[in-house]
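Colleague: Sharing a structure with you now.
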Amino acid sequence: MIKNNSLDALRIGIDLGGTKIEGIVLRGEAEVVQRLRIATPAMQYQATIAAVAGLVRDLEQAAGKSGLPVGIGHPGAISPASGRIKNANSTCLNDQPLRQDLEHALGRTVRMANDADCLALSEAFDGAAAGARSAFAVILGTGVGGGLVVQGGLLAGPNAIAGEWGHNPLPWPRPEWGESPGPLCWHGLHGCIETWLSGPGLAADHARTTGEKLSAETIVSRAESGETQAAATLARYEDRLARALAHVINLVDPEVIVLGGGVSRVQRLYRQVPALWAPWVFSDRVATILRPALHGDSSGVLGAARLPPVTPPKPP
Ligand SMILES: [Zn+2]
C-alpha cells in the first residue's frame, strides 16, 4: 500500500484558555489520537509558559514522536506593532512576548492565533459552518471574542483584531436595564459587549438586579426550571445577544453565526435569539443561521492544530 505522508502527518493543537489548557495530537485532517487537559495557572505568566511546554512534551511522549508542529489558540492578539499580546481577558498575558517565550520553551517556531479565530476556522472546516461562504464565530465564555471566516480562510487585518466584537459597545442600549453607560470593562471603557455577554457578565447582571450572587450555570438551570428572576435575567441576556449579533449581521451579513464557549450550551438561545434580532437587522427578512459549535469545547483546539505554517508578512 502506498502511504500518503500528509494523511499520516501529526500536528499538535493547544487551546490556551483562562481556566484550562487543552492539547490534542491530530493525525491528518480530523483524527484526534491524543487529548490532554490541565488547569491554567491562575494569573501567572511564567507558570503558564511552563504548563504549555509541559503539555506539549506529554502529548509528544504519548504520541511517540517529538518535534511536531504546534498551533496555539490564545486569548487576545499578537500586536503587529510590538510582537506582544494585547486585548487578552486573561490579563496576565497582556504586554508579554508570548510567541517568543513559547518558541524558546518549545525549541521551535509555533503557529498562533486568537482563540475565537481557531473556533471559526474549525467550525468552517467541518463544523456548524461547513460549506458556508462566510461565517462569524463567537466565544461566549470567561470573555467574549469573535472571528470571521470568508471562503474558508480567516479574515486577518493590519491590527490583528478582525472580528473582535466583544469590546464594541452593546448597541441600542436600554437605560431601564442599566445599559447606559453600562459596567466598566477591564481596559477602562464602559458598556462593552463582553461585560454583558460573557458568563461572568451574565452573573453580574443577575447580581445587580436581584442582589443574588450565582454562577452563570446556576442562573441558566434555575431559568430553565421556571424560576422567575433567573428567567428574567436569561431573557435580558437573549435580548442583548440579539442586538449585539444584529450589529454584526448589518456589517458583515454572514451566512452562519456559530456560538462557542460555556454560555453557547444554552439550547434555548438558538430559538429565542433569531426571534429577537429581526427588528435590529436592516433587512425585510433575516436568513442568517444561528448554530452551536458542532465540535463544542474541542473546536478551539482543532482549529489551533490546523493553523497554517507561519509565513513572513508581505509589505502592503
Ligand atoms: Zn471592553
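What follows draws every value from the coordinates through simple rules; no lab data is involved. No experiment lies behind these values; they were computed from the predicted model shown. Ideal geometry is used to build each Cβ from the backbone, glycine not excepted, and the neighbour counts take in all protein chains shown.
Colleague: Skipping prolines and chain starts, which residues have an amide H placed within reach, meaning under 5 Å, of the one on R111, given they are 5 or more residues away or on another chain?
Modeller: Close amide H contacts, sequence-distant or interchain: V70, G71, I72.
Colleague: Å³ per residue of the Cα convex hull, for the chain?
Modeller: 153 Å³
Colleague: May I ask which residue of V70, L251, T233 lies farthest towards the positive end of the charge dipole of the chain, with charges of +1 (Lys, Arg) and -1 (Asp, Glu) on Cβ and the Cα centre as origin?
Modeller: V70
Colleague: Moving to a separate point now. Could you line up Y270, Y237, Y45 from fewest to most neighbouring Cβ atoms inside 10 Å?
Modeller: Least crowded to most crowded, the residues run Y270, Y45, Y237.
Colleague: Can you list the cysteines of the chain that have no other Cys Cβ under 4.7 Å away?
Modeller: That list is C92, C118.
Colleague: Residue by residue, what Karplus-based ³J(HN,Hα) values in Hz, rounded to whole numbers, does segment 298-307 have, using 6.51, -1.76 and 1.60 with θ = phi - 60° and x for Gly and Pro?
Modeller: For segment 298-307, the Karplus curve yields 7, 5, x, 6, 5, x, 5, 5, 8, 4 Hz.
Colleague: Could you work out [θ]222 nm for the chain from helices alone, using -39500 (n - 2.57) per DSSP H run of at least four and dividing by all its residues? Round to the nearest 500 deg cm²/dmol.
Modeller: After summing the helix terms and dividing by the residues of the chain, the value is -10500 deg cm²/dmol.
Colleague: For D126 and K65, compute 0.36 nm times the residue count separating them, minus their Cα-Cα distance, and round to one decimal in nm.
Modeller: Here the segment from D126 to K65 would lengthen by 19.3 nm.
Colleague: What is the Cα centroid distance between segment 89-153 and segment 207-248, reported in whole angstrom?
Modeller: Value for the Cα centre distance between the two parts: 27 Å.
Colleague: Here's a follow-up. I need the phi-derived Karplus couplings for segment 151-165: 6.51 cos²θ - 1.76 cosθ + 1.60, θ = phi - 60°, integer Hz, Gly and Pro marked x.
Modeller: 3J(HN,Hα) across segment 151-165, in whole Hz: 6, x, x, 5, 7, 10, x, x, 9, 6, 10, 4, x, 6, 8.
Colleague: Right, here's the next one. Give me the dipole magnitude in Debye, nearest 20, for the chain about the Cα centre, with unit charges on the beta carbon: positive for Lys and Arg, negative for Asp and Glu.
Modeller: 420 debye
Colleague: Listing L59, L184, L241 from the residue with the fewest other Cβ atoms within 10 Å to the one with the most, what is the order?
Modeller: L184, L59, L241
Colleague: Apply the Karplus parameterisation 6.51 cos²θ - 1.76 cosθ + 1.60, with θ equal to phi minus 60°, to every residue of segment 192-207 and state each ³J(HN,Hα) to the nearest whole Hz, in sequence, with x for glycine and proline.
Modeller: Karplus-based 3J(HN,Hα) across segment 192-207 equals 4, 3, 4, 5, 9, 9, 6, x, x, x, 4, 5, 5, 5, 5, 5 Hz.
Colleague: Relative contact order for segment 10-115: what percent, with Cα pairs under 8 Å and sequence separation of 6 or more?
Modeller: Taking the mean separation of contacting Cα pairs over the length of segment 10-115, I get 26 percent.
Colleague: Mind giving me the nanometre distance, one decimal, between the label points for A232 and E29, set 7 Å out from Cα along Cα→Cβ?
Modeller: 5.1 nm
Colleague: In addition: In nanometres, what is the gap between the two model label sites at S215 and R108, each 7 Å from Cα along Cα-to-Cβ?
Modeller: 3.6 nm
Colleague: Report, in debye and to the nearest 20, how large the dipole of segment 10-115 comes out about its Cα centre when Lys and Arg carry +1 and Asp and Glu carry -1 on their Cβ.
Modeller: 100 debye
Colleague: log10 I(q)/I(0), Debye, Cα-only segment 128-293, no solvent, q = 0.15 Å⁻¹?
Modeller: For segment 128-293 at q = 0.15 Å⁻¹, log10 I(q)/I(0) is -0.80.
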